[in-house]
Each structure stands twice: as C-alpha cells, then as structure tokens.
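A short write-up of the structure that comes next.
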Amino acid sequence: MRIHNKYIVSLVITSCVINALLVFFGQDNIEIYYTVNITTYLAVTLLYICPNPRAKIALNPVGTVLFAGFILTGVFKAMNILSVR
Amino acid sequence: MGLGFCLAGTVFAPISYFIISSVPLAAIGISTIVIGFVCIALANTRPYVSPEACQLILKTGMENTSALLEELGIRNKAVYLPSTVSNGHQKALIPLVENKEIQIVKGKIPDRLIVRYGINPDDMAIAVTTPGSININMLETKPGPTSGEIEAAATYILMGVLDIATSVAVKLTDNRVDIDVSGSRLHYEDIWYYRCLGSPIASIVAAISSEALQKPIRISEESYNRGKSSIVLEVLS
C-alpha cells in the first residue's frame, strides 16, 4: 500500500474510533467533537512526517484552516465563559 | 473522491445538526469534510509524468550505460564519490582496468566520461551519473556522518519521496555500512548494470552514505531475501 493510501486509511480509522468513543461516553457537545477530530487529524498528519514534499505543501493549507477553526472554537468558548462571569 | 466526500459532508453535517439534532452524526459529517479536503490535496500531488513514462526513461538510461560497460568489458564495482570530489555533482567511478581497486582518489574528478583519478598511468575510470547521484539533490540538508542521519536521509528519499520501500535500517561501523531495506519495490537483478553500479536502491543509499561520510563508498554485497534487501557498503579511505 502506498504511503498516501496508508495515511488516508489511518485518518479514517482513527476518526471512526475517536467518534465512536465520544458517542459511547455520551458526549453531546459539537465543539468537543470538532476539537478532538482536529487534534486527531494533526496528530496523524504529524506521524506521517515523510510524505512527498509536494504533499506537505498541499496539506499545509488544510492543517492551517483546521487549526484556525480550532483556535476560533477556543476563543468563542473563552468569550462565553467570560460573559457568563 | 475528495470532492464527493466534501459535498456529502457539507450536506450531511448541517442536516444532522439542525434537522435531525444529532451531534454525533454532525461530527461524522465534519470528519467527512476533513477527509475530503485531504483527498483533494493529495490528489493534486500526483506526478506530472506517468509511472510508465518514468520507467521508460529509467530503462533507456540503464540500457545505454549497460551497453557501454559491456562493450568495454568492465566488470569492476563502482566507487561512489561525494560531490565535493566531483565538482558539486555526485558521481560513481568504474575503473577501466580489470580488478583494479580504487583506494585513493587524488584531487577533483573532472566533469568528463573517462577520467584519471590517480597518479599511475592505469588509474583511469569511467565517471557515471547514477540514480543515487540524481536523488541526492532531493535532500533538503546534507546528512551528517552518523548512522541516525544516514538512516533519516535514506528513509526520506526511499519512503517519503520515492515511496519504493517500507522501512530502512542503517548500522555504521568503522569501515562498513550495513543497510536493511524492507518492502523494496526495485530489487537486485543479476544483470551487468547492477553488478557494476548496484540496484537503484543500493545506488541511492551508497550515494547518501558517501555524501554523509565524505568518503568514497563501494557496494560490496547486495542480497534480497523474503522482501528484505540487505546491502553492505565498504567505506574506502
């Protein structure tokens, strides 16, 4: 199996397992699901640290956008907490 | 496929969250969008030239070099030299005289086909560019003279860039480098070209080791057994 195919299969399997675990533990907050899934994506991508240089360049924007969403989620959560106080 | 995943996720996620009010299904929709973007990004990294075209070019080069070696009756094993000895381009020298062993290379090697590498009249060799010579330019930084750095460089080229192996292990002793490559897709064949220059994988690791150690390297042994290529490199002083 090619390295790119292994990477996609790892990403799919890890996402499925993570989501199944979150459902099993009765998690009902969409922000938690998003945060955990983004962390999973970043971790799996980091593990495959030797892809083709062109693949690295192509995946950088995806990681940047998702990480930006993760930061935004954190910011909104912080604003919620501060406004409640 | 990536576009399909993205579209499916984009439709599924809001329907799951706002209409069905199911957070887990919405999370699956979001994961589907992420995987779709990854597939689209990776699809755009496919090489511009098809594998068949690459194989055509590789075989043409190999057959030409093979014809030259056979015509001259050269059976000696090539010595891979670091790029500092050969004007910035990594080269391999094949001695013209039968059973001649290159131990010392004096001065820089000129950029020609037939070169003199020593002071004796019969210190003549053919200087060729090998698959290893071309691939060394793909390294972002030059590896250092340790087994860890040679292994990292070989892993980067063989697994990351070329995707022709599944794992690489390097063991470095005083004048010997032992390399085990698992899952190699370019095996050793008992043909003239490979007997002189080594298989493409051996050529690549020899070039990397030569560049890392800044010493001439010769492929002394190469074997293939149960999906694993074992390569032994001799470090010449």
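The values are calculated or read from the model by the stated rules, or taken from the named source; none is laboratory data. No experiment lies behind these values; they were computed from the predicted model shown. All Cβ positions, glycine included, derive from the backbone under ideal geometry; neighbour counts span all protein chains shown. Keep in mind that these areas ignore ligands, DNA and RNA; they rest on the heavy atoms of the full protein, side chains included. Shrake-Rupley method; radii C 1.70, N 1.55, O 1.52, S 1.80 Å.
In the set B:171, B:108, B:142, only one residue is open to solvent by 60 Å² or more (accessible area, probe 1.4 Å) and over 21 Å from residue B:85 (Cβ atoms); that residue is B:171. Name, by its number, the condition in (1) over 29 Å from residue B:42 (Cα atoms); (2) among the charged types (D, E, K, R); (3) touching a residue at least 40 places away in the same chain (Cβ under 8 Å) that does not hold for residue B:171. Only one criterion is unmet by residue B:171, namely (3).
For region B:221-234, indicate whether the set of residues that are of a type in the set (A, V, I, L, M, F, W, C), open to solvent by less than 50 Å² (accessible area, probe 1.4 Å) and either in contact (Cβ under 8 Å) with a residue 60 or more places away in the chain or closer than 26 Å to residue A:6 by Cα (or both) is non-empty. Checked against the condition, which is being of a type in the set (A, V, I, L, M, F, W, C), open to solvent by less than 50 Å² (accessible area, probe 1.4 Å) and either in contact (Cβ under 8 Å) with a residue 60 or more places away in the chain or closer than 26 Å to residue A:6 by Cα (or both), region B:221-234 yields no hits at all.
The residues listed here are A:45, A:64; of these, the one that is within 9 Å of chain B (Cβ to nearest Cβ) and part of a helix (DSSP H, G or I) is A:45. Here is a check on your reading of the model: is residue B:144 touching a helix residue (DSSP H, G or I) at 6+ places or on another chain (Cβ under 8 Å) and not in a loop (DSSP other than H, G, I, E, B)? Judged against the criteria, residue B:144 is not a match.
The single condition among (1) touching a Pro at 6+ places or on another chain (Cβ under 9 Å); (2) part of a strand (DSSP E or B) that residue B:171 does not meet is (1). Screening region A:41-85 for residues that are surrounded by 11 or more Cβ atoms within 10 Å (Cβ to Cβ) and basic (Lys, Arg) and picking the one that is nearest to residue A:11 (Cα to Cα) gives A:56. Which residues, counting only those in region B:149-168, are in contact with a strand residue (DSSP E or B) (Cβ under 7 Å, 6 or more places away or on another chain), assigned to a loop (DSSP other than H, G, I, E, B) and aliphatic (A, V, I, L, M)? Matches in region B:149-168: B:165 only.
In this structure, does residue B:136 turn out to be among the β-branched types (Val, Ile, Thr), modelled with pLDDT of 85 or more and open to solvent by less than 50 Å² (accessible area, probe 1.4 Å)? So residue B:136 fails the test. Scanning region B:71-84 for residues that are modelled with pLDDT under 85 and either over 25 Å from residue B:210 (Cα atoms) or not in a loop (DSSP other than H, G, I, E, B) (or both) turns up B:72, B:73. Yes or no: residue B:4 in a loop (DSSP other than H, G, I, E, B) and without any contact (Cβ under 8 Å) to a residue 60 or more places away in the chain? For residue B:4, the condition - in a loop (DSSP other than H, G, I, E, B) and without any contact (Cβ under 8 Å) to a residue 60 or more places away in the chain - is not met. For residue B:195, the conditions (1) assigned to a helix (DSSP H, G or I); (2) surrounded by 22 or more Cβ atoms within 10 Å (Cβ to Cβ) are fulfilled apart from (2). Among the residues of region A:9-40, those that are surrounded by fewer than 19 Cβ atoms within 10 Å (Cβ to Cβ), of a type in the set (A, V, I, L, M) and over 22 Å from residue A:72 (Cα atoms) comprise A:9, A:12, A:13, A:17, A:20, A:21, A:23.
In region A:20-42, the condition of being in contact (Cβ under 8 Å) with a residue 24 or more places away in the chain, of a type in the set (A, V, I, L, M), at the interface with chain B (Cβ under 10 Å from one of its Cβ atoms) and in contact with a Gly (Cβ under 9 Å, 6 or more places away or on another chain) is met by at least one residue. One residue alone among B:31, B:16 is more than 9 Å from every other protein chain (Cβ to nearest Cβ), under 18 Å from residue A:31 (Cα atoms) and in contact with a Gly (Cβ under 9 Å, 6 or more places away or on another chain), and that residue is B:16. Among the residues of region B:219-228, at least one is among the acidic types (Asp, Glu), within 16 Å of the chain's Cα centre (by Cα), closer than 14 Å to residue B:78 by Cα and not in a helix (DSSP H, G or I).
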